[in-house]
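Okay, so here's the structure we're looking at.
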Amino acid sequence: MDIEGYLQPSLGRELLVCISTSDNAGDIEKFVNHEISMFGGWKLISNDTKSKAKKKLVEKSNGMFRWAYLQWKQLKGCRMDQIVLDRLDILPETLSAAYDKIYNSFQPGELESLVLQRTVRWVLYAKRPLETAALLATIEHQRTTVNGGEDEYKPFSKSNLTQLALESVCRDLVVRDPQLDTWGFSHASVAEHFLLKNEPWIENAKSEITISLTHFLIKCCTAFGSVWPPPGVKEEWDNIRSLEHSVNYWFRSRGVDLGEPRDPRHPLQTYTQQEWVKHMSDTSDQDPKLADVTRVLKLFLGQTGPQTSSTEYQVYCKYIMFGQDKQYVEVRKHVQPFQNSTFGIVTLGLTRLLPGWWDQALFPVKLNTHKESLLELAAEFRHASICEDLVLRGFPINRDRDFEDHGWNAFGLAMINENLEVARFLLNNGASPYLPDSPESFKSLFCFAAAKGLEYLQVLLDGGADPNTHCSAICTWGCALSMAAWKGDVRSSEALINAGANANPKCSNCNHRSPLTMAFGTEFPNRNSYLPLVRLLLKHGADANTPMKGEIGWKKYDSMLEATVIVEHGADVKTPLESLGYDTILEYAVMKGDVNFPRFLIEHGADVHSRLKIGKFGSLLAAATVEPDSSLDMVKFLIEEVHADLEQLEWRLSPIALETKSGDKSALWSSLDHAMSGKYLTDVHQVDPQVFLDMDAYYGQQSRSRC
């Protein structure tokens, strides 16, 4: 891709920073000068030769630091001037030529050449860096065909394969990470170099590695009962109902014989068991060795056909999948019964490699142990092509599943597993969007979709699903609109409303909270960001009183902003906030200390003169005086502006408040502001100081009774 050409029209040339290998020349010169001057092995080399070496390395590097490093490493082995000069005359012209020089130092067919080739192949195509023990085992036992003869299956003597031998053969191409004990290319350019080689050992590497891994897996499974597990462990496995924890524990145990690659705990087997399926899936339809990959896969699954699986496959499903828990935790229960490999083939997505074989004696009504059809397995594991194939074969899309089945049909499984391509395909082929609630989470499919976002909701809406679908009684949200509101998703909420969702749904269960309540209850990074959502809901009929009816206890009003919005849409400011422990929103506002908040509420009908029935204090004036978060300004506002009676200071908690223990502890005169409130009341309004002592004693007693 021409990055400069792509960016220049939008950024302008003056904003582009151009980087060239020529920019490295200065750094390369510093590196070469420092290395030559500090290298003790060249004490007998003349200064003239050293100067020529410096000049040649810098000039011919052409900005390639890696090239300069490799050539200097070669020159360091020279101990005579003439040898240095001769070497300078035959320096490779390019970095690729430098790599070829190392690679071609071994004759084709030599042991070192085979070791290097096999190492490069595995490092190039392994799904993750291999440990030393695993890499040595792959090189030693590599097999590239199903029935490989001596030309294709060349095991090495263990004495020829050691870490030191591997480091010597692979010098400067493949290196070992001493901290992780894993192997990788010394530089990204090494991988690029070998990928461009038009030689069979590279061109066929991907499929031949897959074949080798399958052989490793077959040997491991064949060794069950002889090589592994130990007799005592096997007896334990034979006598317990659930193998999961026992097998997984043994797979993690120590004491592995690195000389026995059939042991499932061997690093080679660990890699094989965890990555084998990925290697299989990556096999291209155009791979020249596709037929060999298919043959070895059939050998593993059972050559007589999928209806009668091999012993090795059954060991793989019964033990290996438990041993490699993280890789197979979502898979293992779906491949049962093990005697029929069809369920495993579909679950693992291997049908493409087995055309005309995997679908022998295929029946649409055939279910696995967990009562799942092949179509449902394909949908759950995101295999779009398999879904299409099975639908064309007549597999039922809208198969009814009992609540006890613990799952949805193919369409529901595609949705919850975020496979929108399959979901749309199933809808277009007759899938019904009306599904029962999930027996695991008790959410409706609509509620799931709302949690995912607009793209998922749109699939259901386009399919004609009812946006007013309610969840079961146990679901917290109750409907899709409440979920979207709780997520703060304005676009999804708008789409639901436009499709006919009721902004004020009449849920059958009292635990379900309204969309407006959920909008107030969610936590937003920006407290103003949810107001468009609140206004949208109110505009389309949401009951403005629901957030004030105690439906949701974790949201508290931070200012008059929320109150303004709902009051403007008809909320009754006298509605009790019982679940929050306040008489009304006015008590809450007074306790927060900002006079604008209660002023607004009083202007819209809030009563400042009544006794508090449910709140934390007997009166609003007591709340303003005692509450730590309130203020002197609030006390003045209540007395001077709205004319609260000073007798309110002596009002005590109502019987209801005492019974519900809604009173709260408060330390009188806990701040300078409160001391000033007391001074204001005594100096300006001649309140007897004994009143404050009585208040302190009373509210302090209430506080202690609640501790």
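Structure notes:
- In plain terms, the chain from Glu330 to Ala384 could stretch by 17.6 nm, reckoned as 0.36 nm per residue minus the Cα-Cα distance.
- Projecting the Cα positions of Leu268, Gln324, Gln286 onto the charge dipole of the range 268-324 (unit charges on Cβ atoms of Lys, Arg, Asp and Glu, taken about the Cα centre) puts Gln324 furthest along the positive direction.
- The spacing between the range 607-641 and the range 96-117, judged by their C-alpha centroids, is 89 Å.
- Percent of Cα-Cα distances greater than 19 Å, calculated over the range 327-440: 40
- Nitroxide proxy distance, nm - points 7 Å out along Cα→Cβ at Ser246 and Asn47: 8.0
- The range 20-91, relative contact order in percent, only Cα pairs under 8 angstrom and at least six apart counted: 41
- FRET efficiency, Glu275 to Thr308 (Cβ-Cβ, R0 22 Å, nearest 0.05): 0.20
- Extent along principal axes [Cα atoms of the range 20-91; Å; largest to smallest]: 37, 24, 18
- Taking packing as the residue-averaged number of other Cβ atoms within 10 angstrom, the listed peptides 110-119, 680-689 run from highest to lowest as 110-119, 680-689.
- Table column - 3J(HN,Hα) (Hz), the range 176-183, Karplus curve with 6.51, -1.76, 1.60, x for Gly and Pro: 9, 7, x, 6, 9, 6, 10, 10
- When both the range 28-67 and the range 311-335 are represented by their alpha-carbon centers, they are found 57 Å apart.
- Full extension of the segment from Thr682 to Glu167, taken as 0.36 nm per residue of separation minus the current Cα-Cα distance, would add 176.4 nm.
- Stokes-Einstein D for the range 267-340, Kirkwood Rh over Cα pairs, 10 °C, 1.306 mPa s (µm²/s): 120
- For the range 204-337, the spread of Cα positions along each principal axis, largest first, Å: 47, 34, 26
- Using C-alpha pairs below 8 Å separated by at least 6 residues, the relative contact order for the range 204-337 is 35 percent.
- Across Lys371/Lys452; Lys219/Lys366; Lys30/Lys73; Lys206/Lys278; Lys333/Lys371; Lys234/Lys318, pairs whose alpha-carbon gap is larger than 22 Å: Lys371/Lys452; Lys219/Lys366
- Stretchable slack from Gln74 to Ser226, in nm (0.36 nm times residue separation minus alpha-carbon distance): 49.7 nm
- Förster radius 51 Å - calculated FRET efficiency between Asn468 and Leu693, Cβ distance, rounded to 0.05: 0.30
FYI, it's all coordinate maths here, none of it is from the lab. Quantities reported herein were computed from a predicted structural model and do not represent experimental measurements. Please note: Cβ atoms are built from the backbone with ideal geometry, for glycine as well, and neighbour counts cover all protein chains shown.
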